[in-house]
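A short worksheet on the structure shown next.
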Amino acid sequence: MNRSALLAALCCLLPLAACQTDSRQQVLATDKSQVALRAVQTRAFDTTDRNLTIRTVIATLQDLGFVVDKADEVLGTVSGTKMSGYTMRMTVTVRARGTTQMAVRASAQYNITAVSDAEPYQQFFAALEKAMFLTANEVD
C-alpha cells in the first residue's frame with residue numbers, strides 16, 4: 001500500500017516539474033544588450049529633492065493608468081501595475097546621481113517577461129519630464 005501511494009504521488013508530481021520555468025532563462029531573455037536597455041530605462045533630472053521626485057513618479061504612474069502597489073521612501077522604489085487588457089508591472093527606482101541630480105530608472109514587465117521595447121519607457125519618461133518641469137516651476 002505504501003509503495004503504491006508513493007508511485008501515485010510521483011506520477012502526479014512528474015508533469016508539474018516539466019512546467020517549471022528557469023528564472024535564469026527569463027533574466028537573459030531580453031533581445032537587447034543590458035547596457036542599451038539600461039540607457040533606455042534611465043533618465044537624470046536636475047534636482048536634489050528625492051522625496052519630491054518619488055512623489056512625482058507616483059503621480060506620473062497614476063496618470064498613466066497604473067495602480068501603485070508599493071512605494072518605499074527609504075529604498076526609493078515605487079511599483080505599479082496596469083491592467084487594461086494586459087498586465088504590465090513597472091518598478092521605478094530613484095537615487096542620487098552626484099550632488100546635483102537624481103537618477104530615475106524604470107523597469108517594466110509584461111506578464112512575466114521583461115519589457116525591452118523602448119516605447120513604454122519613452123511614454124513614462126515623457127510624462128515624468130513634463131511633471132518634473134511643472135513641479136519645479138510650482139505649477140499645479
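The values are calculated or read from the model by the stated rules, or taken from the named source; none is laboratory data. It should be emphasised that the depicted structure is a prediction, and the values quoted were computed from it without experimental measurement. Cβ: placed from backbone, ideal geometry, glycine included. Neighbour counts: every protein chain shown.
Kindly provide the set of residues from region 80-127 that are part of a loop (DSSP other than H, G, I, E, B) and small (Gly, Ala, Ser), ordered by number. Within region 80-127, Ser84, Gly85, Gly98, Ser116 meet the criteria.
How many residues are part of a helix (DSSP H, G or I) and either modelled with pLDDT of 90 or more or not polar (S, T, N, Q) (or both) if we restrict to region 27-42? Number of matching residues: 8. Contact annotation: residue pairs with Cβ atoms under 9 Å, 6 or more positions apart or on different chains, pairing a residue in region 79-98 that is closer than 13 Å to Val115 by Cα and basic (Lys, Arg) with a partner that is outside any strand (DSSP E or B) and modelled with pLDDT of 95 or more, are Arg89/Phe66. In region 98-110, the count of residues that are touching a helix residue (DSSP H, G or I) at 6+ places or on another chain (Cβ under 7 Å) and aromatic (Phe, Trp, Tyr) is zero.
Would you be able to say whether some residue in region 80-99 is over 19 Å from Leu37 (Cα atoms), in contact with a Leu (Cβ under 8 Å, 6 or more places away or on another chain) and buried (at least 19 other Cβ atoms within 10 Å of the Cβ)? Yes, region 80-99 has at least one match.
Number of residues in region 117-130 that are surrounded by fewer than 17 Cβ atoms within 10 Å (Cβ to Cβ) and either within 20 Å of Asn51 (Cβ to Cβ) or touching a helix residue (DSSP H, G or I) at 6+ places or on another chain (Cβ under 7 Å) (or both) equals 4. Considering each residue of region 53-72, count those that are within 13 Å of the chain's Cα centre (by Cα) and either in a loop (DSSP other than H, G, I, E, B) or aromatic (Phe, Trp, Tyr) (or both), and give that number. The number of residues fulfilling the criteria is 1. The residues of region 43-67 that are in contact with a strand residue (DSSP E or B) (Cβ under 6 Å, 6 or more places away or on another chain), over 17 Å from Ala103 (Cα atoms) and crowded, with 16+ Cβ neighbours inside 10 Å amount to a single one, Phe66. Look at region 102-127: where a residue is farther than 16 Å from Thr56 by Cβ and a partner is surrounded by fewer than 12 Cβ atoms within 10 Å (Cβ to Cβ) and among the charged types (D, E, K, R), sitting 6+ places away or on another chain with Cβ atoms under 6 Å, you get Ser116/Asp31. Just one of (1) at pLDDT 95 or above; (2) assigned to a helix (DSSP H, G or I); (3) more than 22 Å from Val115 (Cα to Cα) fails for Leu75. It is (2).
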